[in-house]
Amino acid sequence: MQYRKMPGSRDALSILGYGCMRFPMADGKIDEDRAIAQIRMAIDGGVNYLDTAWSYHDGQSEPLLGRALGEGYRRKVNIATKLPTWLVESRKDMDRFLDAQLERLGVDHIDYYLIHALSGASWKAVEQLGVRDFLDTAQRDGRIVNPGFSFHGLYEDFRTIVDAYPWKFCQIQYNYLDTDFQAGTRGLEYAASKGLGVVVMEPLRGGNLGMTPPPAVAEIWDSAKTRRPPVEWALRWLWNHPEVTVVLSGMNEEEHIRQNTAIASEAAPDSLTEEELGLVQQAAGTFRKLMQVGCTGCGYCLPCPEGVQIPTCFDFFNKLYLFGDTEEAKYMYNSFAHANRHRRSGFASQCVACGQCLEKCPQGLNIPEALSRVAAEMGK
C-alpha cells in the first residue's frame, strides 16, 4: 500500500480508502460477518481510511463499522463520517447527530468529519444555523479532529465553500468521465491550491468503469502497450493526479479488495505516459457517446414512493446502449423484478413524476424524464 500526506493534518493516509456505503447483502440485509471480515481484510492489506455516513445502509453502516473496529483495529485506522445536513434543523441538531455517531461507532472522536452533500443552497442553510460554531466547538472539545465537507453542486459554489472555512479536506466525485462535472478537475486543483486534501468518491462511477467494457472501449484498452483491466485504468488515472489524497472504493467482494490493494501498491503520481493518458481520454469520449443516463447508482433517490428501483432501471437502460444487445437488455430489465424481492416490481413505468427524487439526486438528473425514456424503450 502507498500513502500520501493529508496536507492539513500531515497524516499518512492510504491512497485507497474503504467506502462503507455498499456492504455485501444476504436475505435483504447486511451480511454482517462477511462485511466485518472484508473490512478487516482491507485494513490488514494497508487501508487506514474508512468512510461511512449517518444514512448509509439505513443507518446500519456506522454501528457495523464500530463493531468491525474492535479487537485492536480502531487504532490502525482513521474514521471518516458525515453530518446529515438534510436532517439538521437547528444548531443543537448538529451536536445531537455528532454525539449519536460517536456512540454508534464506539469512539470518543472522529478523525475526519464531513459536512455532508453540500451545494450552494445547503451550505447557506447550515451556515445560517451555525455550522461554523459547531465545527469550532467540536474541534476544541476533541470530538472532531479534522473538519471537511463532501460536495454535490456547481463549481462556482465549490470555490465559495472552500474559501468559507479553514477546512482540512474535501470530498468530491471524480473519475475520467466526470472531469467537468460538479467540482471536476478545476475543483480538484483549486482545493489543492488552498492546501486542502482531496478524497475522491465514485472513482468507478457506480462500478461501471470497472466492469467488462463495451466493445468500442475494449478496443481502446487492447491497443495499449501495457495491458490492464478496466478498473486499473480508472484507479491509476486518479492516482496519477498528485492532488488526490485518497480514492474511496466500495469493495463488497473479496476479489475487489485484493485487486484494488494490489493496484494501490504500484500506482504513483505522474506515472502514466502521454500515450496512456490519451487512451483514457479516448475511452472517456466513447463512454460519453454511449451512456444515456449519468446515474452512478448511489441510491440517494430511494426509496421511491411508487416503488421504482431507479438506479436499477438506469443501469439496464445504459447497458442497452453500451453493449448494443437490445434483446438481452430488455429481457433482463423485464425479469429483474422476480429477483429483487421488492413488494412492487420497480419498473420505470410506475413513475408518476411526483418529483421527490429531483431534490435528492446529487447528479442533478431529471429522473422522471429519464424514467419516461426507459419505460418507452424497455417496455412496461
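Could you tell me the distance between the Cα centroids of the stretch 140-178 and the stretch 74-113, to the nearest Å?
Distance between centres, Cα-based: 16 Å.
Rounded, prolate or oblate: pick one for the stretch 263-380, where a ≥ b ≥ c are the square roots of the eigenvalues of its C-alpha gyration tensor, a/c under 1.5 means rounded, and failing that, prolate if a/b is larger than b/c, else oblate.
Prolate, because a/c is 1.5 or more and a/b exceeds b/c.
For the stretch 181-305, what is the accessible area per residue in Å², given a 1.4 Å probe and the full set of protein chains?
Ligands and nucleic acids excluded, the result is 41 Å² per residue.
I need to check one value: relative contact order of the stretch 45-131, counting alpha carbon pairs closer than 8 Å and at least 6 residues apart, in percent.
About 33 percent, as a whole number.
No other cysteine beta carbon under 4.7 Å away is the test; run it over the chain and list who passes.
That list is Cys20, Cys170, Cys295, Cys298, Cys304, Cys313, Cys351, Cys354, Cys361.
What's the local net charge at Arg236, with K and R +1, D and E -1, over the other residues with C-beta under 9 Å away?
-2
Separation between the Ser9 and Leu277 pseudo-spin-labels, each 7 Å from Cα along Cα→Cβ, expressed in nm?
3.0 nm
Show which lysines lie in cross-link reach of Lys360 when reach means a straight Cα distance below 20 angstrom and same-chain residues fewer than eight apart are skipped.
Lys82, Lys124
With both bridge residues required to lie in the stretch 1-149, what share of the DSSP beta bridges run antiparallel, to the nearest 5%?
Among the beta bridges of the stretch 1-149, antiparallel pairing accounts for roughly 25 percent.
What lysines could a cross-link reach from Lys194, if we take a straight Cα to Cα line under 18 Å and drop same-chain neighbours fewer than 8 places away?
Lys5, Lys168
So if I take the centroid of the Cα atoms in the stretch 20-37 and the same for the stretch 298-336, what is the distance between those two points in Å?
23 Å
For the stretch 218-302, state which trypsin sites (Lys or Arg not before Pro) are in a DSSP loop and have at most 14 other beta carbons lying within 10 Å of their beta carbon.
Lys225, Arg227
Would you list which lysines come within 30 Å of Lys225, measuring only between C-alpha atoms, while excluding same-chain residues fewer than 8 positions from it?
Partners found: Lys289, Lys319.
Once the chain is represented by equal point scatterers at the alpha-carbon sites, with solvent omitted, what log10 I(q)/I(0) does the Debye formula produce at q = 0.07, 0.08 Å⁻¹?
-0.31, -0.40
Does the stretch 310-378 classify as rounded, prolate or oblate by the C-alpha gyration tensor (a ≥ b ≥ c root eigenvalues; a/c under 1.5 gives rounded; else a/b over b/c gives prolate, otherwise oblate)?
Because a/c hits 1.5 or more and a/b fails to exceed b/c, the stretch 310-378 counts as oblate.
Along the Cα→Cβ direction, 7 angstrom out, place labels at Arg96 and Ala353. What is the inter-label distance in nm?
Output for this residue pair reads 3.8 nm.
Tell me what the chain gives for mean residue ellipticity at 222 nm when only DSSP H runs of n ≥ 4 count, each as -39,500 (n - 2.57), the sum divided by the residue total, rounded to 500 deg cm²/dmol.
-13000 deg cm²/dmol
Of all DSSP beta bridges located in the chain, what percent are antiparallel, nearest 5?
15 percent
Ignoring any ligand, DNA or RNA, what whole percent of the accessible area of the stretch 310-378 comes from carbon and sulfur when the probe is 1.4 angstrom?
After summing per-atom areas, the C and S share lands at 50 percent.
If Lys and Arg each add +1 and Asp and Glu each add -1, what is the summed charge of the other residues whose beta carbon sits under 11 Å from the beta carbon of Leu118?
0
About its Cα centre, what dipole magnitude does the chain give when the only charges are +1 on Lys and Arg Cβ and -1 on Asp and Glu Cβ, stated in debye to the nearest 20?
Dipole magnitude for the chain comes out near 320 debye.
Can you tell me the accessible area per residue over the stretch 310-378, all protein chains present, probe 1.4 angstrom, in square angstrom?
For the stretch 310-378, the solvent-accessible area averages 55 Å² per residue.
The values are calculated or read from the model by the stated rules, or taken from the named source; none is laboratory data. Note that the structure is predicted; figures quoted are calculated from it, not measured. Using ideal geometry, Cβ is built from the backbone for each residue, glycine included, and neighbour counts are taken over all protein chains shown. Protein only, heavy atoms only, side chains kept; ligands, DNA and RNA dropped before computing areas. Shrake-Rupley method; radii C 1.70, N 1.55, O 1.52, S 1.80 Å.
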